[in-house]
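Here is the structure we will look at, set down as structure tokens.
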Amino acid sequence: MSGTLLRLHAVGAALALATLSLTACGDDLDQVKLTMAAGTQGGVYHKLGTALADAWTHDPGIPRPQVASTAGSVDNLDRLRANQAQVGFSAADAAEEKQKGEGGHKLYALARMHDDYLQLIVRDDVRATKLSDLKDLSGLRISVGAQDSGVQLIAQRLLKAAAIPPENLKVQHMDLPTSAEAVRNGQLDAFFWSGGVPTDAVTTLATTVKVRILDLGDVLPKLREEYPVYGSATLPASAYEQVGGGPVVTLVVRNFLLVNDTMSDDVAEALVRGLFRAQPALVAASPVARSIEVRSAIETTPIELHPGAMRYYRDVKV
């Protein structure tokens with residue numbers, strides 16, 4: 001047999017094993033092998049993913065999924081579509097955008113998880129209180145999030161809605177820890193972050209450097225007109241220790257736990273059941289998990305619930 005045929009045979013065998021793993025049911029759950037796309041280490045996705053992987057080894061009793069560190073939502077979605085991961089986290093806006101793309105596996109939701117709040121953090125010496133003020137600050141050093149992250153997607157959309165040309169800014173692509181450290185060291189003036197409130201890295205930064213969060217109320221109506229997937233909320237002054245800290249209006253985006261179309265109904269149902277039984281462990285990993293609730297978990301529009309997940313929700317009479 002030629003080398004090419006041998007490689008094709010090996011690939012075929014691997015795909016067959018993956019299909020067998022994802023279609024296992026009942027007593028075969030111990031044969032399921034999953035990779036979870038879980039964002040950056042230290043982030044909420046990664047904390048919840050690690051806790052969930054541990055919990056799923058007991059209920060429903062699958063081998064511990066591999067928890068893969070990624071750049072964030074967009075990277076997670078690319079891995080799901082390519083079947084490099086079978087479970088992953090994503091913000092609703094990024095999932096909606098990626099589902100429209102051609103090719104790759106279809107995305108399904110297992111549950112709505114927690115909500116994220118967009119936080120545009122600036123140093124106190126930046127003369128701005130709202131997003132549109134950045135128009136007059138040419139050369140501002142600002143991070144719009146890591147490449148292939150959900151933060152980057154929201155930041156780009158917000159800057160466009162505010163009619164702020166990216167070329168007017170010194171745009172950088174940094175993850176949360178790098179952004180916070182760069183602000184602390186005076187190497188960065190501002191950064192976008194989308195996450196739970198409070199976010200540990202921002203809380204720590206606010207105790208060492210004078211910062212404030214910019215109000216987004218001036219651009220949200222225009223943004224939401226084009227992208228109804230977003231909501232709005234008011235962050236209380238007590239969210240962080242910030243200079244001149246009053247309440248600010250900001251953007252809210254839902255987060256989903258997603259799978260792709262290689263997953264069987266039986267496995268999907270078992271994972272969702274295990275998710276809700278694991279909530280105490282998830283809350284211990286991150287306080288945002290307190291908001292994970294069966295009735296709101298079905299609110300995954302624009303991503304369709306997996307048929308197996310739907311079977312679970314019907315069984316518990318949601």
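Do any strands (runs of 3 or more DSSP E) lying entirely in region 49-137 carry at least 1 residues that are surrounded by fewer than 24 Cβ atoms within 10 Å (Cβ to Cβ), and which ones are they?
66-68, 107-123
Given the condition touching a residue at least 12 places away in the same chain (Cβ under 8 Å), among the polar types (S, T, N, Q) and in contact with a strand residue (DSSP E or B) (Cβ under 6 Å, 6 or more places away or on another chain), answer yes or no: does some residue in region 98-110 qualify?
Within region 98-110, one or more residues are touching a residue at least 12 places away in the same chain (Cβ under 8 Å), among the polar types (S, T, N, Q) and in contact with a strand residue (DSSP E or B) (Cβ under 6 Å, 6 or more places away or on another chain).
Among the residues of region 138-151, which ones are part of a helix (DSSP H, G or I) and in contact with a helix residue (DSSP H, G or I) (Cβ under 7 Å, 6 or more places away or on another chain)?
Gly150
Checking the structure you have, find out if any residue of region 6-29 is modelled with pLDDT of 50 or more, in contact with a strand residue (DSSP E or B) (Cβ under 7 Å, 6 or more places away or on another chain) and under 21 Å from Leu271 (Cβ atoms).
no
Please enumerate the residues belonging to region 122-155 that are under 21 Å from the mean Cα position of the chain (by Cα) and either under 13 Å from Val219 (Cα atoms) or touching a residue at least 60 places away in the same chain (Cβ under 8 Å) (or both).
Residues satisfying the conditions are Gly145, Ala146, Gln147, Asp148, Ser149, Gly150, Val151, Gln152, Leu153, Ile154, Ala155.
The values are calculated or read from the model by the stated rules, or taken from the named source; none is laboratory data. What you see is a predicted model; the values in this text were computed from it and never measured. Don't worry about glycine lacking a Cβ; one is built from the backbone with ideal geometry, like all the others, and counts go over all protein chains shown.
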